[in-house]
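The values are calculated or read from the model by the stated rules, or taken from the named source; none is laboratory data. This one's a predicted model, so the numbers in the text were calculated from it and none came from an experiment. All Cβ positions, glycine included, derive from the backbone under ideal geometry; neighbour counts span all protein chains shown. The area values use the complete protein model at the heavy-atom level, side chains included, leaving out ligands, DNA and RNA. Shrake-Rupley method; radii C 1.70, N 1.55, O 1.52, S 1.80 Å.
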Amino acid sequence: PTGMPDDQREGLQEELIDIILHVLKRNPQLHYYQGYHDIVVTFLLVVGDRLATALVEKLSTHHLRDFMDPTMDNTKHILNYLMPIIERVNPKVHDFMQSAEVGTIFALSWLITWFGHVLSDFRHVVRLYDFFLACHPLMPIYFAAEIVLYREQEVLDCECDMASVHHLLSQIPQDLPYETLISRAGDLFVQFPPSRLAREAAQQQTQRTAASTFKDFELASVQQRPDTVLRQRFRERPRGEERTKSILTKPRTNRFVKLAVMGLTVALGAAALAVVKSALEWAPKFELQIFP
C-alpha cells in the first residue's frame, strides 16, 4: 500500500517471503508463478501472517492449484472458458474480438491474481476476494467476462485489430460498478455452468484441471436454488395441486427466483462491505496506514 513507512514495508516483505516459502516447502508439487505474491500479500494485510499462512496453503491446493503447475497449460485452458461465456451473452462482441484476433491473454493477470494486481483500490480487491472464496474456482473467469460485456460499446468502437483491442481490454477502469458485476457474474454461472462450456473450452481434457473437480459447488448452486426446492416440495404434494406446480415452475418464474437469490447474495456482500468501511473509519491511525 502507498504511504507505508519503509520499516513496516520491509517487515511485511519478510513475512510475505516466509509465507510463500513455507507453502512451497510443505507442498513440493506446487510451483511459484509470477502474480502469486499479489494474492498472498492480500491475505497477509487482512489477517496477519499466521492465519494468512494457513489460508494461502489451503487456497494453493484448491482454487489456485491449476496456476501452480510446472507449465501454464491448465491456466491457458481455464482462459479458454472466457470466449464461450461472452459468445452466449453477446455474439456481436464475441465476433468482433474473434475478428481482431485478440485472444484471451489480456485477462491472464486478472485470473492468476484474482484482480489484485490490476485494481488500485484495496477495498475493491478484498470485496472480490470474498466473492471468489465463496464460489467455484472458475468464478474469476465469469467476472472477467462480465467486465468485457460491460464495456461492450468501448470494445465495438475500438479499431478491429489485435493491438488496439488488447490495449483497451488490458486497462481496467477503476470506477466499475463492482456490486452489479458481481451479481451478474453469479447469474452467468447459474445460466452457463462450467460443465456446459467444457466442450468448447477443451483444448485438452478437462479432467486434468483441478477446477474440474469442484463439482460440489456447481451441484449445490442448482440444488439450493429456491425454484429447485419448490419443485421438490410440490412432488410430495397430492396431484390436485399439479396446476399450481406448473405455474410456479415456468422458466420465467425460475429466472426471477434465480435473480432474487443473486440479489440476496449481493445484499449480504454489501452489508459486509459496509462493516469493513465502518471499521476503517474507527480504526486507529496505525491501522489506516495499511488501508489508506
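For region 160-187, enumerate the residues that are out of contact with any Gly (no Cβ under 9 Å at 6 or more places or on another chain), open to solvent by less than 60 Å² (accessible area, probe 1.4 Å) and closer than 14 Å to residue 115 by Cα. Result: 169, 170, 172, 173, 176, 178, 181. If only residues of region 126-154 that are part of a helix (DSSP H, G or I), farther than 16 Å from residue 113 by Cβ and out of contact with any Leu (no Cβ under 7 Å at 6 or more places or on another chain) are counted, the one that is most open to solvent (accessible area, probe 1.4 Å) is 153.
In region 60-115, the residue that is most open to solvent (accessible area, probe 1.4 Å) out of those that are closer than 28 Å to residue 21 by Cα, part of a helix (DSSP H, G or I) and among the polar types (S, T, N, Q) is 109. Looking only at region 116-125, residues that are in contact (Cβ under 8 Å) with a residue 60 or more places away in the chain, open to solvent by 30 Å² or more (accessible area, probe 1.4 Å) and not in a loop (DSSP other than H, G, I, E, B) come to 2 in all.
Can you find even one residue in region 40-48 that is among the β-branched types (Val, Ile, Thr), open to solvent by 70 Å² or more (accessible area, probe 1.4 Å) and part of a helix (DSSP H, G or I)?
We begin by selecting, within region 40-48, every residue among the β-branched types (Val, Ile, Thr); these are 40-42, 46-47.
Still in the running and open to solvent by 70 Å² or more (accessible area, probe 1.4 Å): 46.
Imposing the further condition that a residue be part of a helix (DSSP H, G or I) reduces the set to 46.
Yes; the residues of region 40-48 include at least one that is among the β-branched types (Val, Ile, Thr), open to solvent by 70 Å² or more (accessible area, probe 1.4 Å) and part of a helix (DSSP H, G or I).
Among the residues of region 43-60, the one identified as of a type in the set (Asp, Glu) and within 20 Å of the chain's Cα centre (by Cα) is 57.
Of all residues in region 49-59, those being surrounded by 20 or more Cβ atoms within 10 Å (Cβ to Cβ) and of a type in the set (D, E, K, R) number 0. For residue 22, the test of being in the same structural domain as residue 120 (by the TED database) and in a helix (DSSP H, G or I) is failed.
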